[in-house]
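Could you have a look at this structure, given as structure tokens, before my questions?
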Amino acid sequence: MRLVILDDYDLASEWAAKYIRNRIIQFKPSAERYFTLGLPTGSTPYGCYQKLIEYHISGDISFKHVKTFNMDEYVGLPRAHPESYHSYMWNNFFKHIDIDPANAHILDGNAKDLEAECQAYEQKISAAGGIELFVGGIGPDGHIAFNEPGSSLVSRTRVKTLAKDTIVANARFFGNDLTKVPSMALTVGVGTVMNAKEVMILITGAHKAFALYKAIEEGVNHMWTVSAFQQHPRTIFVCNEDATLELRVKTVKYFKGLMHVHNRLVDPVLSIKDQQKEEN
């Protein structure tokens, strides 16, 4: 397990974006071999998406041979609703890059048969060869995707009732009206994310500090679902200083002492321009 600690949100976002960029370019995706990327929504990954858009505009990365699978979607919220995760992803990321819309997979919270939709999503992930890199974020209570406290750590994609804390936390997106926040969602399971070849979890802000402490310094606990990723062979937690406030000083010092190793993952930052030069 790696814990990458950056000074602030912008630097954490940039590090994560560079890592995604390098992983995709190193993979050398093609029409015969797509890179599969799991993606989150919310305020935390927004900065990472903005950097990836910059890299695409500058011609350093292409998403033409990338397939994406989003973590979750509200049940019953129209796809065109500004707070649906379809809207979030298209407005904040997909419409600004060269991904084929057919390769951008998001759960359908308005499907007639929600259980069948969840099963089909798992099948699509399997058919794509599994997820190479699953990027995630967490809530203050340590939930990843909508795997609320108490969720099974081997769970698969399913319908999930949202916890009151999650509804309250998301009310800011719905005019602070709790009655407008959907009470159910479709979500990938903890087991679904654990099956990815690699997992990168973004955690920023002091309000996530206790959750990071639970994820790093305490044992695996289904009441803090993010803690399950201690047992994944390739997990990277990317955080800012504020998110480390609940960690022991020696824990922070230990991982900061490894930053010269972690930074080799993003330095040098790769570009498809260099690959094209080599091919020519």
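The values are calculated or read from the model by the stated rules, or taken from the named source; none is laboratory data. Just so we're clear, the structure is a prediction, and the values are computed from it rather than from any experiment. Counting neighbours? That spans all protein chains shown, and the Cβs are built from the backbone with ideal geometry, glycine included. Please note that ligands, DNA and RNA were not included when accessible areas were found on the heavy atoms of the full protein model with its side chains. Shrake-Rupley method; radii C 1.70, N 1.55, O 1.52, S 1.80 Å.
Hey, among the residues in segment 159-181 that are among the aliphatic types (A, V, I, L, M) and part of a helix (DSSP H, G or I), which one's least open to solvent (accessible area, probe 1.4 Å)?
Looking only at segment 159-181, we keep the residues that are among the aliphatic types (A, V, I, L, M), and these are 159, 162-163, 167-169, 171, 178, 181.
Filter once more, so that each one left must be part of a helix (DSSP H, G or I): 167-169, 171, 178.
Values: 167: 24, 168: 76, 169: 40, 171: 5, 178: 77 Å².
In this case the residue turns out to be 171.
Still on this model: What's the total number of residues in segment 182-203 that are open to solvent by 60 Å² or more (accessible area, probe 1.4 Å) and in a loop (DSSP other than H, G, I, E, B)? Quick ask: steps written out before the conclusion?
So the first thing to find is which residues in segment 182-203 are open to solvent by 60 Å² or more (accessible area, probe 1.4 Å), and the list is 183-184, 195, 197.
With the extra rule that they be in a loop (DSSP other than H, G, I, E, B), the set shrinks to 183, 195, 197.
Counting residues in segment 182-203 that are open to solvent by 60 Å² or more (accessible area, probe 1.4 Å) and in a loop (DSSP other than H, G, I, E, B) gives 3.
Could you check segment 2-37 and list, in sequence order, the residues that are over 19 Å from residue 60 (Cα atoms) and among the small types (Gly, Ala, Ser)?
12
Turning to a different aspect of this structure: Restricted to segment 84-117, and to residues that are touching a Gly at 6+ places or on another chain (Cβ under 9 Å) and touching a residue at least 60 places away in the same chain (Cβ under 8 Å), which residue is surrounded by the fewest Cβ atoms within 10 Å (Cβ to Cβ)?
Let us first name the residues in segment 84-117 that are touching a Gly at 6+ places or on another chain (Cβ under 9 Å), namely 84-86, 88, 109-110, 117.
Keeping just the survivors that are touching a residue at least 60 places away in the same chain (Cβ under 8 Å) gives 109, 117.
On the way: 109: 24, 117: 19.
Across segment 84-117, the extreme among qualifying residues is 117.
Return yes when residue 20 is under 14 Å from the mean Cα position of the chain (by Cα), within 18 Å of residue 275 (Cβ to Cβ) and among the aliphatic types (A, V, I, L, M) and no when it is not. Steps first, answer last, please.
Details: under 14 Å from the mean Cα position of the chain (by Cα): yes; within 18 Å of residue 275 (Cβ to Cβ): yes; among the aliphatic types (A, V, I, L, M): yes.
Here the answer is yes, as residue 20 does meet what is asked.
Same structure again: Suppose the filter is farther than 20 Å from residue 155 by Cα, touching a helix residue (DSSP H, G or I) at 6+ places or on another chain (Cβ under 6 Å) and either open to solvent by 30 Å² or more (accessible area, probe 1.4 Å) or among the β-branched types (Val, Ile, Thr) (or both); does residue 81 pass it?
Numbers: farther than 20 Å from residue 155 by Cα: yes; touching a helix residue (DSSP H, G or I) at 6+ places or on another chain (Cβ under 6 Å): no; either open to solvent by 30 Å² or more (accessible area, probe 1.4 Å) or among the β-branched types (Val, Ile, Thr) (or both): yes.
No; evaluated as a whole, the condition is false for this residue.
With the checklist (1) in contact (Cβ under 8 Å) with a residue 40 or more places away in the chain; (2) not in a helix (DSSP H, G or I) in hand, flag the one item residue 122 doesn't pass.
(2)
Shifting gears a bit: If you scan segment 135-158, which residues turn out to be open to solvent by 40 Å² or more (accessible area, probe 1.4 Å) and in a strand (DSSP E or B)? Walk me through it before giving the result.
Taking segment 135-158 first, the residues open to solvent by 40 Å² or more (accessible area, probe 1.4 Å) are 140, 149, 152-154, 156, 158.
Answer for segment 135-158, where residues must be open to solvent by 40 Å² or more (accessible area, probe 1.4 Å) and in a strand (DSSP E or B): just 158.
Still on this structure, I have one more. Tell me, which helices (runs of 4 or more DSSP H) lie completely within segment 204-280 with 2 or more residues that are at negative phi and at pLDDT 95 or above?
Once the helices (runs of 4 or more DSSP H) in segment 204-280 are filtered for at least 2 residues that are at negative phi and at pLDDT 95 or above, what remains is 209-216, 249-256, 259-262.
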